Structures are given as C-alpha cells and as structure tokens.
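Accompanying notes for the structure given below.
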Amino acid sequence: MVDREFRDDDRLRRTLPAHRTYWRRMSRLGVLLHGGSWREGCGEMLVVKAATRGELQQVLGEDPYVQEHLVLETRIRALEALVEAAEQPPAAVPGRPGPAGESGPAGEAGPRTDTQLSAHEWRVARMMLAGLTNRQIAERFAVSPRAVEQHITRIYRKLSISRRAQLAVAIQGDLPRAGELAAAG
C-alpha cells in the first residue's frame, strides 16, 4: 500500500493525464489493484502488487508525477501488516477508541461517541481491507448489499473519509515513510 502526497502547483494539473494513463496501464497489467485520490487531488492511496521492494520502487519511479518531481512524501506499508493491525482489538488501533465497554489505549473504558466504530463496523472494515466487495460482505452476513452500503456509509462518516482507499490509513494512523519498511524488513 502506497500513500503519497503531491506538490500543489500547475505542473500537477498538466501532468495529470500522463499520470492517469500510466496507472491505467499498471491496472491492466495487474500491478495496480486499487487506488484513489484524496484531499482534492493532492494525494493518493494506491494498492500495488509488487514482488519486491525494488520492483515497487521501479513502478513508482516511472510515474510521471515522480519524474516531474511532484511527489512530496511517500509512505509504504505492506498490506498484510495493515490487515493484521485491523484484526487487532479496536482499542489497539492508535487514535481510535474501541467499541463501548472496551479499554482504550490508556486502559480506561469510556462511553461511546459518534467517532467509535461498533464491533460489527470493525468486522465490515476488516473485510473491506481484505479486499471483499460489498456483495461478498453481504453474502458473509446474509444481508442485502444495500445493508452493507449503509454500514460502510456510517464507517466513512465516523472516520471522516470518503473512499475505500482511505480506510487503511484512517484506522491505522500514520504509515511509515518509504525507508522505514526496508529498515524493518
């Protein structure tokens, strides 16, 4: 998973068509699995399939935004690590309180607020991180896809996000900088 922030200048808008063409090609090749922009196009979240860190660096390096020096910051995290973190009890997720009655980061239980995900919402979020579609999630819970969409809408509202690509960052907190993953591995 790659989270990138871009320089906001005229070159970003001029380079956008080449950037989109590049990532469409990567999608057709099976390298880009999912992606989306955030903060009015000044950042993006990409789920990229790469066998090695070097292969990932090569794919990212060929992006027209990188070649135009428009990328301010890149954060990379193995998707498996994000899914594992999401499977931890909600109290273990930094900056996000757990469901009512569960201990928070300081070991204190507190009343529920509108920003806390219910246990069921956490299950749905974990399934989303695992790559299940709304229909697949609905089948697992034996409910309609519309019911799943309503849960996802509540999750997005509580986490102040608007796209599936933003979910991992919203529940995980800050991702490591590009060099941190290589140092840890």
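What residues have an amide H closer than 5 Å to that of HIS34, excluding those fewer than 5 places away on the same chain, when H is modeled at 1.01 Å from N in the peptide plane?
VAL47
Name the long-range amide H neighbours of VAL71: under 5 Å, sequence gap of 5 or more, or other chain; modelled H, no Pro or chain starts.
ARG7
Fully extended, how many nm does the chain gain between HIS69 and THR133 (0.36 nm per residue separation, minus their Cα-Cα distance)?
Extra length from HIS69 to THR133 when fully extended: 19.6 nm.
Using DSSP to call loops (not H, G, I, E or B), can you name the GluC sites (Glu not before Pro) in segment 1-64 whose Cβ has at most 11 other Cβ atoms within 10 angstrom?
GLU40
What list of ³J(HN,Hα) couplings, whole Hz, do you get for segment 134-140 from phi and the Karplus terms 6.51, -1.76, 1.60, once you set θ to phi - 60° and write x for glycine and proline?
Along segment 134-140, the couplings run 4, 5, 5, 5, 4, 5, 5 Hz.
Can you compute 3J(HN,Hα) from phi for each residue in segment 143-154, using the Karplus curve 6.51 cos²θ - 1.76 cosθ + 1.60 with θ = phi - 60°, rounded to whole Hz and x for Gly and Pro?
In residue order, the calculated couplings are 10, 6, x, 4, 5, 5, 4, 5, 5, 5, 4, 5 Hz.
For TYR22, what is the net charge nearby, where nearby means another residue's Cβ is under 14 Å from its Cβ and Lys, Arg count +1, Asp, Glu -1?
Local net charge: +1.
Every number here is computed from the coordinates shown, using simple stated rules; none is lab data. Because the structure is predicted, anything quoted here is derived from the model rather than measured. Note that each Cβ is placed from the backbone with ideal geometry, even for glycine, and that neighbours are counted across all protein chains shown.
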